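Trainee: Below is a structure I'd like to ask you about.
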């Protein structure tokens with residue numbers, strides 16, 4: 001409820017008789033019902049204290065109360081203390097009360113802070129004692145400062161009601177009502193921002209509401225600053241103004257932070273005292289306080305216009321505190337606001353690896369406040385932040401810019417600087433799918449943890465860890481899985497020591513992929529679990545888990561848990577979208593899944609489309625895609641095209657993956673009905689040590705089928721025995737796995753069913769009897785029985801239901 005009121009002739013500085021008085025209210029006063037009700041309820045107590053800083057609306061609240069409660073106003077005795085006369089006014093009031101007052105009298109004493117300290121305690125004691133001894137009298141005291149009254153004791157006995165600055169602070173609905181009364185066009189967002197900026201301080205809010213749309217912003221700010229000066233700062237001694245100025249550099253202060261930034265051990269206690277004396281601030285707990293935002297801005301404005309050197313020292317002191325508390329972004333913002341760009345770059349550079357990728361967007365915002373091209377490190381950080389934030393950017397152009405800046409300067413890079421640059425090069429090339437590869441000398445043989453004059457140990461640990469991790473990623477995407485396992489394990493250890501949790505998670509995920517590609521599925525599952533647990537406990541962003549998701553999918557494919565693989569790919573890589581370097585792995589997974597689901601044509605098309613649209617792939621990535629294409633062609637029976645794909649694989653496979661070529665040739669020979677040649681090709685792998693377990697399983701399973709069809713039981717038995725050992729050791733399992741399914745398809749499709757047999761087989765998956773089936777196919781019952789015997793023999797089953805199940809497994813129905 002709110003209304004404008006006219007002015008009365010009442011004297012603010014003297015006493016007002018209640019009878020017939022008109023209570024003077026400022027125009028467009030908001031009648032704050034929640035507080036008026038508090039005052040109504042307080043009449044059951046002996047004493048009400050309304051305490052708040054200047055401009056918090058104490059007097060207006062009390063006058064609103066009396067203006068809207070005629071019954072209270074009729075028995076009210078108002079005393080407005082004035083400077084120089086306050087002590088005498090209180091003595092007169094005591095004498096008046098001693099003479100006796102009518103029962104139910106309400107005595108309101110405003111501006112209690114004007115009472116001199118020398119007489120305040122004694123006069124207050126007498127006044128409160130008199131009120132407590134007279135049950136028919138209610139006393140209301142309004143003051144900017146805390147009063148020497150035993151508030152706790154009185155509250156415990158239910159004899160006092162306290163309305164403090166937290167209660168007096170405007171709320172959003174009250175601000176909305178104020179701007180409505182003033183007929184000021186304001187959006188909901190403007191109301192919220194105005195409330196946040198003012199901290200609910202009534203005087204500041206009124207200035208903002210009245211002038212924000214009629215004056216330019218700087219003029220409104222000047223009015224607010226003038227208001228703060230006249231109502232708060234001008235009444236404080238220089239020492240207290242200096243304390244507030246120093247404290248204003250931090251938005252929230254604790255005992256330690258206040259002592260740190262102000263260089264005063266008693267800073268928080270002194271701030272508490274100033275709050276008691278009417279300086280607007282808000283306590284956020286027993287040991288945390290925030291200056292009113294308007295007051296804080298005024299103090300910071302004065303700081304910027306004052307001693308520049310003192311301001312820089314203060315800002316640096318506060319930045320050190322923020323950084324020590326983990327608020328690196330806050331520290332950098334503070335340094336940038338103070339124009340301390342060089343130190344801001346130093347801090348951001350040292351903490352950069354700890355900030356990305358979660359705060360990549362915030363880092364970019366901070367970097368935008370720095371002069372363009374001022375430092376090669378800012379260009380490097382901007383490029384890396386772009387990559388981590390997923391923005392579309394030509395990272396190679398950023399790298400060229402960094403290298404050009406270094407070439408044009410006289411900067412001599414420290415070992416840590418060299419490591420940072422080497423890691424950035426690898427990151428850039430990873431982000432574009434390794435279109436090119438930089439010099440890996442430093443990555444292969446990292447320098448010891450040395451640092452220059454500007455390199456802190458935290459920075460050194462971070463860049464050494466980052467370089468090692470990027471080298472591990474490079475090895476992974478170039479098919480050197482064993483080396484990748486070793487390097488990534490080392491990177492995980494370094495990341496944990498450096499508390500780079502996100503990088504530890506990414507390295508664990510990459511290591512899980514390397515393990516799965518090596519056939520160490522049990523270890524891969526363990527690494528995925530470890531990565532997910534670390535990400536959850538350290539609040540790591542989801543994007544960092546991409547490689548761990550791929551590692552999980554690789555083992556799930558081997559376990560033939562196709563539904564879980566489909567759910568994982570759909571959730572984390574919708575539409576096959578992923579980072580450039582991971583595209584080949586995701587494509588292999590999707591193509592393999594489609595083929596295993598019996599959708600060979602779709603699987604083949606997925607792999608061919610990716611290869612057509614991705615011209616830049618490493619040899620290992622090309623081999624992965626080629627394997628996916630070959631599998632689709634093989635399952636579709638397009639054997640000539642499959643043979644050409646094997647030749648292509650032979651041309652692109654890295655030296656460490658030559659066994660994949662033999663694996664594909666062996667499967668192709670079995671499909672073409674030449675199992676003896678397949679046995680001759682693959683038998684050497686029975687004696688060849690060092691083959692990765694994943695490839696070994698594929699080679700041995702193919703050899704088992706080839707030897708069975710070539711009627712070489714000794715070779716088949718030996719290969720089967722080794723296959724069981726390798727499967728058990730790697731955690732793939734002997735049955736119900738991807739390889740067991742591929743073996744079954746390879747084995748049974750070697751004995752092709754005739755077209756008529758396929759027609760009969762597909763009719764078996766129905767409710768038709770054999771007689772009905774014969775009628776449906778227009779053949780005799782004896783012919784149906786002959787076809788059934790051939791089907792059972794070729795599928796190696798003994799009945800109709802088993803034939804249907806085997807046909808489903810082989811994608812024949």
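Trainee: Going highest first, how would you order 660-666, 392-398 by mean Cβ packing within 10 Å?
Mentor: Top to bottom by mean Cβ count within 10 Å: 660-666, 392-398.
Trainee: When only C-alpha pairs under 8 Å and at least 6 residues apart count, what is the relative contact order of the chain, in percent?
Mentor: Normalised by residue count, the contact order of the chain is 6 percent.
Trainee: What FRET efficiency comes out for residue 571 versus residue 337 if R0 is 45 angstrom and r is the Cβ-Cβ distance? Round to the nearest 0.05.
Mentor: Computed FRET efficiency for residue 571 and residue 337 comes out at 0.60.
Trainee: Going by Cα centres, the stretch 300-348 and the stretch 132-204 are how many Å apart?
Mentor: So the two Cα centres are separated by 35 Å.
Trainee: On average over all directions, what projected area in square nanometres does the stretch 562-711 have, based on the convex hull of its Cα atoms?
Mentor: With the hull built on Cα positions only, its mean projection is 9.1 nm².
Trainee: Sort 310-321, 543-554 for me by packing, meaning the mean count of neighbouring Cβ atoms within 10 Å per residue, highest on top.
Mentor: Going by the mean number of other Cβ atoms within 10 Å, highest first, we get 543-554, 310-321.
Trainee: When N counts the residues of the stretch 484-579, how does its alpha-carbon radius of gyration compare numerically with 2.2 N^0.38 Å, as a ratio?
Mentor: 1.03
Trainee: Could I ask something else about it? Cα centroids of the stretch 37-64 and the stretch 474-548: how far apart, whole angstrom?
Mentor: 63 Å
Trainee: Using R₀ = 30 Å, calculate the FRET efficiency as 1/(1 + (r/R₀)^6) where r is the Cβ-Cβ separation of residue 404 and residue 482; round to 0.05.
Mentor: Computed FRET efficiency for residue 404 and residue 482 comes out at 0.20.
Trainee: Work out how far the C-alpha atoms of the stretch 147-303 reach from end to end along every principal axis, then list the three figures in whole Å, largest first.
Mentor: So the extents along the principal axes, rounded to whole Å, are 45, 44, 26.
Trainee: Still on this model: Express the C-alpha Rg of the stretch 603-674 as a ratio against the empirical globular expectation 2.2 N^0.38 Å, rounded to two decimals.
Mentor: Computed over Cα atoms of the stretch 603-674, the ratio equals 1.05.
Trainee: Right, something else. If all Cα-Cα distances of the stretch 33-168 are sorted into 5 Å bins from 0 onward, what percent lands in each bin, rounded to whole numbers?
Mentor: 2, 10, 22, 25, 23, 14, 3, 0
Trainee: If r is the Cβ-Cβ distance from residue 640 to residue 308 and R0 is 60 Å, what FRET efficiency results, to the nearest 0.05?
Mentor: The value I calculate is 0.15.
Trainee: Here's a follow-up. Once both labels are modelled 7 Å past Cα along the beta-carbon direction, what's the residue 612-residue 183 spacing in nm?
Mentor: So the label points at residue 612 and residue 183 sit 6.9 nm apart.
Trainee: Starting with the fewest neighbours, write out 130, 218, 520 ranked by other beta-carbon atoms found within 10 Å of each beta-carbon.
Mentor: If I rank by nearby Cβ atoms, fewest first, I get 218, 130, 520.
Trainee: Then there's this: Divide by every residue of the chain the summed helix terms, -39500 (n - 2.57) for each DSSP H run of at least 4, and state the resulting mean residue ellipticity at 222 nm, rounded to the nearest 500 deg cm²/dmol.
Mentor: So the calculated ellipticity at 222 nm is -20000 deg cm²/dmol.
Trainee: On to the next question. Between residue 786 and residue 539, what length in nm is gained on full extension when 0.36 nm per residue of separation is reduced by their alpha carbon distance?
Mentor: 82.4 nm
Trainee: DSSP beta bridges in the chain, what fraction antiparallel, as a percent rounded to 5?
Mentor: Taking every DSSP beta bridge with both residues in the chain, the antiparallel ones total about 35 percent.
Trainee: Find how much the distance from residue 83 to residue 223 grows on full extension, using 0.36 nm per residue of separation minus their present alpha carbon separation; answer in nm with one decimal.
Mentor: 47.8 nm
Trainee: How far is helix 583-596 tilted off the main Cα axis of the chain, in degrees rounded to 10, range 0 to 90?
Mentor: It works out to around 60 degrees.
Trainee: With each pseudo-label sitting 7 Å past Cα toward Cβ, what's the residue 601-residue 772 distance in nm, one decimal?
Mentor: 3.0 nm
Trainee: Further question: Quote the Stokes-Einstein diffusion coefficient, in whole µm² s⁻¹, for the stretch 755-810, based on the Kirkwood radius over alpha carbon pairs, a temperature of 37 °C and a viscosity of 0.692 mPa s.
Mentor: 295 µm²/s
Trainee: Can you tell me the 0 to 90 degree angle between the C-alpha axis of helix 308-324 and the longest principal axis of the chain, rounded to 10?
Mentor: 50 degrees
Trainee: If you fit an axis through the alpha-carbon atoms of helix 395-408 and take the longest principal axis of the Cα set of the chain, what angle between them do you get, 0 to 90°, nearest 10?
Mentor: With both axes taken from Cα atoms, the answer is about 70 degrees.
Trainee: May I have the pair-distance distribution P(r) for the stretch 542-642, computed from all Cα-Cα distances with 5 Å bins from 0 and rounded to whole percent?
Mentor: Percent of Cα pairs in each bin: 2, 14, 25, 25, 20, 10, 3, 1, 0.
Trainee: Separation between the residue 801 and residue 75 pseudo-spin-labels, each 7 Å from Cα along Cα→Cβ, expressed in nm?
Mentor: 9.4 nm
Trainee: Arranged by the count of other C-beta atoms within 10 angstrom, fewest first, what order do 162, 137 take?
Mentor: 162, 137
Trainee: Next question, about the same structure. What ranking do 230, 701 get, fewest neighbouring Cβ atoms within 10 angstrom at the top?
Mentor: Fewest-to-most Cβ neighbours within 10 Å comes out as 230, 701.
Trainee: Assuming 0.36 nm per residue, please report the length gained on full extension of the stretch residue 92 to residue 172 beyond their Cα-Cα distance.
Mentor: Contour length minus Cα-Cα distance gives 24.6 nm.
Rule-based calculations on the coordinates, nothing more; no lab input. Note that the structure is predicted; figures quoted are calculated from it, not measured. Don't worry about glycine lacking a Cβ; one is built from the backbone with ideal geometry, like all the others, and counts go over all protein chains shown.
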